[in-house]
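Have a look at the structure below, then the notes.
Coordinate-derived values only; no laboratory data. Just so we're clear, the structure is a prediction, and the values are computed from it rather than from any experiment. For neighbour counting, all protein chains shown are included, and Cβ atoms are generated from backbone atoms with ideal geometry for every residue, glycine included.
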Amino acid sequence: MALASTADPRSVTILGSTGSVGTSTIDLIRRNPGAYVVEALTANSDWEQLARQAIELNARSVAIGDPHAYEPLKLALAGTNIGVAAGPESLIEAASHQSDWVMAAIVGAAGLAPTLAAIRRGAIVALANKEVLVCAGDLVMEEVARSGATLLPVDSEHNAIFQVFDFERMDTIEKIILTASGGPFRTLDRAAMALKTPAQAVAHPNWKMGAKISVDSATMMNKGLELIEAKHLFRMPQEKIDIVVHPQSVIHSLVAYIDGSVLAQLGSPDMRTPIAYTLAWPARMQSPSPRLDLAQIANLSFEAPDPVRFPALRLVREAVSAGGSAPTVLNAANEIAVHAFLNETIGFLDIAEIVEQTLAAIPVGPIDTLGDVHNFDKHARETAAKLAESYARSAA
Ligand code: NAD
Ligand code: MG
């Protein structure tokens, strides 16, 4: 059953509506006419798609990060009642407007301020934007506690854990186990990885996702970011978070209890299942995700992750142990390095090297305020950008 017949429509805001998670969210909303009213939609620069979405869904307002997109967006929405705003501040404002439910699906630390604005007003926040927790996890979780906001994980692994995690009896949980597909380069040695292009890195075997997270999956930094995400969402120390490679992406993650029971959530690799879970929460709704046919899948396999071929996993564990600013720095350096790789100025293996060198160059300090996050994030971006330039020069 969709929510439609049983409840008032839920008002929703989608931050990052033009992306992979954003469009999957809209797909579910479109299939449930009458169940949702769209308050605000936001994008970075794709004003054409944003305008189309706003008209189709009859959104009350749109906000676009790139100020240059304001004029064409305004023109595209002329004759409608849809409010239009542009610039980074407009994203925060869009998130601040009253709505019951907010999808946080911007990519990167750019999503921190808008996501926090939604949290601060106590909304139900469906969190896809994992970098928010990686760069400022303690501060974000403090704001959740203070505001009484509901944080629902969208990331498939964390959504899986959320569904089988006993928050009332956390002392009965021995550990959580994140599954990882291993990405498109799972079986390659480092020499073969070194030659890989952005197109090959984003061609994920199981999931269709945005470019940044696809590269993160190829380096396995994605699983590292997810370890930090899980640490905050489930208040687990990193020693109680295991990672296992499971190439079929059918078991989305597991929770191990002290009596030896292990609970898991399974499903086909389609983000519309975890998104639907959050969109209908605490009810459930229909999702068009392909149904799991276990007999057809026949075999599920597992292997230990390899921190030598995938150094990102080691870097994340080290950054978590170092604490303070280290995860913020790791995240920012990774964003810069992935961007440089996508622009073909550095090689695939340079990504983790740049992250490692940025971490080594910036002494760890405390993160007590958002100002601290901002300062370390900025410093790390500058340091990583310089490193990326020197890698680009030495390759040329
Ligand atoms: P995407 O690149 O497809 O979309 C990103 C969205 O954010 C777009 O709407 C874009 O316009 C907007 N955006 C990008 N930069 C921005 C900026 N500087 N300011 C404002 N808006 C900006 O990314 P995606 O794959 O949808 O991923 C979104 C987030 O969800 C990421 O944090 C990712 O790690 C996470 N996530 C994605 C998936 C997936 O299947 N795609 C799964 C789990 C988690
Ligand atoms: Mg995930």
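In debye to the nearest 20, how big a dipole does the chain give about its Cα centre with +1 on each Lys and Arg Cβ and -1 on each Asp and Glu Cβ?
560
Treating only the Cβ atoms of Lys and Arg (+1) and Asp and Glu (-1) as charged, compute the dipole magnitude of the range 328-387 about its Cα centre; round to the nearest 20 debye.
That gives the range 328-387 a dipole magnitude of about 100 debye.
Summing Lys, Arg as +1 and Asp, Glu as -1, what charge do residues with Cβ under 12 Å from the Cβ of D189 carry, D189 excluded?
For residues surrounding D189, the net value is +3.
Divide by every residue of the chain the summed helix terms, -39500 (n - 2.57) for each DSSP H run of at least 4, and state the resulting mean residue ellipticity at 222 nm, rounded to the nearest 500 deg cm²/dmol.
Theoretical 222 nm ellipticity from helices: -14000 deg cm²/dmol.
Which percent, nearest 5, of DSSP beta bridges in the chain are antiparallel?
Antiparallel: roughly 25 percent of the beta bridges in the chain.
Straight-line reach only, C-alpha to C-alpha below 13 angstrom: list the aspartates and glutamates that K240 could link to, leaving out same-chain residues fewer than 8 apart.
D171, E174
Once you list every other residue whose beta carbon is under 13 Å from the beta carbon of G260, what net charge do they have if Lys and Arg are +1 and Asp and Glu are -1?
With Lys, Arg at +1 and Asp, Glu at -1, the neighbours total -1.
Taking a cut-off of 25 Å between Cα atoms, list the lysines near K386, but don't count ones fewer than 8 places away on the same chain.
Counting by Cα, and skipping residues close in sequence, K386 has these lysines nearby: K196, K212, K378.
Can you tell which of N299, M285, V329 lies farthest toward the positive end of the dipole of the range 275-396, using +1 and -1 charges on the Cβ of basic and acidic side chains (Lys, Arg; Asp, Glu)?
Farthest towards the positive end: M285.
So for the pair R284, N299, with labels modelled 7 Å out along Cα→Cβ, what separation do we get in nm?
3.1
Show which aspartates and glutamates lie in cross-link reach of K74 when reach means a straight Cα distance below 14 angstrom and same-chain residues fewer than eight apart are skipped.
Filter leaves D46, E48, D66.
Sum up the charges of everything whose Cβ sits under 11 Å from the Cβ of A128, counting Lys and Arg as +1 and Asp and Glu as -1, but leave A128 out.
Here the count lands on -2.
Please give me, ordered by residue number, the trypsin sites (Lys or Arg not before Pro) of the range 163-255 that lie in loop per DSSP and have at most 13 other Cβ atoms within 10 Å.
Counting only loop positions with at most 13 other Cβ atoms within 10 Å, the trypsin sites (Lys or Arg not before Pro) in the range 163-255 are K208, R235.
As I understand it, the dipole of the range 136-243 uses +1 on the Cβ of Lys and Arg and -1 on the Cβ of Asp and Glu, about the Cα centre. Which of I176, V202, T219 lies farthest toward its positive end?
Comparing the listed Cα positions along the dipole, V202 ranks first.
Treating only the Cβ of Lys, Arg, Asp and Glu as charged (+1, +1, -1, -1), what charge dipole size does the range 200-252 show about its Cα centre? Round to the nearest 20 debye.
The dipole of the range 200-252 has a size of about 100 debye.
Which residue, T80, A380, L139, has the largest displacement toward the positive end of the dipole of the chain when charges sit on each Cβ (Lys, Arg +1; Asp, Glu -1)?
Value: T80.
For a quick check of your reading of the filter: which trypsin sites (Lys or Arg not before Pro) in the range 265-334 sit in a DSSP loop and have no more than 12 other Cβ atoms within 10 Å?
When the trypsin sites (Lys or Arg not before Pro) of the range 265-334 are filtered for loop state and at most 12 Cβ neighbours within 10 Å, R291 remain.
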